[in-house]
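Single-structure report; data block below.
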Amino acid sequence: MKSLVFALPLFLLPAAAAWADDLGLPTRMALDEDPPREQQDLELERQRPDDSASLTPMEFVFRHSQLELGAMYTDFDSSLGLKSHLGYYLRWGVEILPHLSLHATYRFNSFGTGPGEDIRIQALLIGASYHVPLMRDLAFVGVLAVGPTWMDSSAFRSETGFTFSAEAALTARLYELLRLKAGIVFDGVSTDFRGSSGVSTNLSFLFGLEIGL
């Protein structure tokens with residue numbers, strides 16, 4: 001009889017567990033609550049599995065590529081004697097590590113400064129960007145890049161300068177693979193264009209779209 005009494009709870013445990021599950025009662029004790037949904041999303045994004053080992057180089061580049069295009073309104077250094085103007089840029093990059101991308105950026109700006117002078121400025125910059133997730137659909141992006149800048153004028157001697165660029169921006173996800181971007185860009189340009197000397201500092205306001213990861 002005593003053996004039957006001790007064995008009875010073993011038979012009742014499965015039935016009790018099933019009854020608790022039907023009523024939606026907790027079936028285990030836990031001291032820590034589940035983190036908020038947004039925090040879970042960020043953790044999953046940070047822990048994205050590395051698929052580089054199973055992909056060929058071409059497949060890796062195709063899967064992790066990102067295209068960006070937009071406009072830059074630039075306030076040029078006073079030493080250049082150029083008015084503020086709207087230009088455009090195109091950027092292509094590849095995410096080599098979670099949140100870290102390498103990219104190439106082409107910029108183009110063309111305008112007139114007065115009678116008889118047309119200005120054309122082009123740049124090709126190579127750099128890296130790092131995305132810092134802030135919320136589920138919002139991220140901060142920091143960018144550093146360097147490269148040559150070609151400055152052409154119909155009235156002055158054309159010059160090729162060297163540019164160091166730093167960018168800070170925010171991105172907001174519109175769709176799964178489309179994000180809106182807005183930020184500021186600081187450029188230091190070493191050039192003698194239009195009689196300037198040393199390093200000219202330009203400030204730009206950037207608006208663009210990111211397509212990809």
*In segment 181-210, what residues are under 19 Å from the mean Cα position of the chain (by Cα) and surrounded by 15 or more Cβ atoms within 10 Å (Cβ to Cβ)?*
181, 183, 185, 187, 204, 205, 206, 208, 210
*Got a number for residues in segment 75-113 being surrounded by fewer than 19 Cβ atoms within 10 Å (Cβ to Cβ), of a type outside the set (Phe, Trp, Tyr), over 14 Å from residue 165 (Cβ atoms) and within 15 Å of the chain's Cα centre (by Cα)?*
8
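On the phi < 0 side of the Ramachandran plot and over 15 Å from the mean Cα position of the chain (by Cα) - does that describe any residue in segment 131-146?
Step one: list which residues in segment 131-146 are on the phi < 0 side of the Ramachandran plot, which gives 131-146.
After this cut, where a residue has to be over 15 Å from the mean Cα position of the chain (by Cα) as well, the list is 146.
Scanning segment 131-146, I find at least one residue that is on the phi < 0 side of the Ramachandran plot and over 15 Å from the mean Cα position of the chain (by Cα), so the answer is yes.
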*Search segment 157-176 for residues that are in contact (Cβ under 8 Å) with a residue 40 or more places away in the chain and pair each with any residue that is surrounded by 12 or more Cβ atoms within 10 Å (Cβ to Cβ) and basic (Lys, Arg) when their beta-carbon atoms are under 8 Å apart and the residues are at least 6 apart or on different chains.*
171/179; 171/181
*In segment 174-211, which residues are touching a Phe, Trp or Tyr at 6+ places or on another chain (Cβ under 6 Å) and among the charged types (D, E, K, R)?*
194
*Please state which one of 177, 170 is within 21 Å of residue 71 (Cα to Cα) and either of a type in the set (Ser, Thr, Tyr) or exposed (fewer than 14 other Cβ atoms within 10 Å of the Cβ) (or both).*
177
*State whether one or more residues within segment 135-155 are charged (D, E, K, R), at pLDDT 90 or above and part of a strand (DSSP E or B).*
yes
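Scan segment 95-113 and tell me whether some residue there is of a type in the set (A, V, I, L, M, F, W, C) and touching a Ser or Thr at 6+ places or on another chain (Cβ under 7 Å).
Quick first cut of segment 95-113, residues of a type in the set (A, V, I, L, M, F, W, C) only: 96-97, 100, 102, 104, 108, 111.
Next, only the ones that are touching a Ser or Thr at 6+ places or on another chain (Cβ under 7 Å) stay: none.
No; the residues of segment 95-113 include none that is of a type in the set (A, V, I, L, M, F, W, C) and touching a Ser or Thr at 6+ places or on another chain (Cβ under 7 Å).
The values are calculated or read from the model by the stated rules, or taken from the named source; none is laboratory data. Fair warning: this is a prediction, and the values are worked out from it, not measured in the lab. Note: ideal-geometry Cβ built from the backbone for every residue, glycine included; neighbour counts use all protein chains shown.
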